[in-house]
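Take a look at the structure set out below.
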Amino acid sequence: MDSTNADVRRVFDKAADHYDRQMAFWERWLFRGNRQWAASQAQGRVVEIAIGTGLNLPLYPAEATVIGIELSEPMLELARRRAASAGLADRVELRQGDAQVLDLPDGCADTVLSTFTLCTIPDPAAAVREAFRILRPGGQILLAEHGPSSNVVLRAGMRALDPLSVRFGADHLTRDPRPLLEQAGFHIDTVQRRTVGVSFRVRATRPDPSAQ
């Protein structure tokens, strides 16, 4: 079963008020430190796709400027409140939009960041291609995601649960981000898999022909 933008928007409009609590549970048990790992490496002009409620905003380096894109308006409103309460409004711009079709110019970003989002975007390959397009040559994409476990038994269980997860949460449990990056033209620099391989930390770069 494939989800649509309407499915994703409906799920996250409804989930907005309890999203932070839900993510805190999963991050405590499966993805500890992943969000911090990704945000701490962001540099320069950052575009965060599917920024959600803005959980990453307080984690960025002080010199980073951020454009956050989010499909769900209730999630985006919470991100706006978080940015304002943290005193970040002068270096954070938040927009409603679609990560699959970004309203941003080519080569405008130094860093694209995605945390736990490729699992819910209906066409993740399109989102990764858009990330490639808006990055300057030599720019980086940082991903903290989940994907198919390296444990064969757990991986089979995830595949069995995937249709229900997609239907009720617009969440694809077994998407592997690495082939998406390679197909878009990225060079994968770092991959860390943790928690029986369910947790992915990935850094990749857009090749710079002038540096070769």
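The values are calculated or read from the model by the stated rules, or taken from the named source; none is laboratory data. This one's a predicted model, so the numbers in the text were calculated from it and none came from an experiment. Heads up, the Cβs are rebuilt from the backbone with ideal geometry, glycines too, and the neighbour counts pull from every protein chain shown.
Based on what the data block shows, is L143 touching an Asp or Glu at 6+ places or on another chain (Cβ under 9 Å), touching a residue at least 40 places away in the same chain (Cβ under 8 Å) and surrounded by 13 or more Cβ atoms within 10 Å (Cβ to Cβ)?
Answer is no for this residue.
Look through I134, I51, I121 and report the one residue that is β-branched (V, I, T), out of contact with any Lys or Arg (no Cβ under 7 Å at 6 or more places or on another chain) and within 17 Å of F200 (Cβ to Cβ).
Step by step, each of I134, I51, I121 is checked, and only I121 is β-branched (V, I, T), out of contact with any Lys or Arg (no Cβ under 7 Å at 6 or more places or on another chain) and within 17 Å of F200 (Cβ to Cβ).
Give me the pairs, please: first residue somewhere in segment 83-98 and of a type in the set (G, A, S), second residue anywhere and assigned to a loop (DSSP other than H, G, I, E, B), beta-carbon distance under 8 Å, and either six or more positions apart or on two chains.
A83/G54; A83/A89; G97/L71; G97/D103
Does P148 fit the bill of being within 27 Å of P137 (Cβ to Cβ) and not hydroxyl-bearing (S, T, Y)?
no
Just the residues that are modelled with pLDDT under 95 and touching a Lys or Arg at 6+ places or on another chain (Cβ under 6 Å), please, taken from segment 175-212.
Once the filter is applied, which keeps residues that are modelled with pLDDT under 95 and touching a Lys or Arg at 6+ places or on another chain (Cβ under 6 Å), segment 175-212 yields nothing.
Does segment 27-65 hold any residues that are touching a Phe, Trp or Tyr at 6+ places or on another chain (Cβ under 6 Å) and either more than 13 Å from A16 (Cα to Cα) or free of Cβ contacts under 8 Å to residues at least 24 places away in the same chain (or both), and which are they?
Across segment 27-65, the qualifying residues are A39, A42.
At least 3 residues that are of a type in the set (S, T, Y) in each: list the strands (runs of 3 or more DSSP E) lying fully within segment 102-195 that qualify.
So the answer is 109-115.
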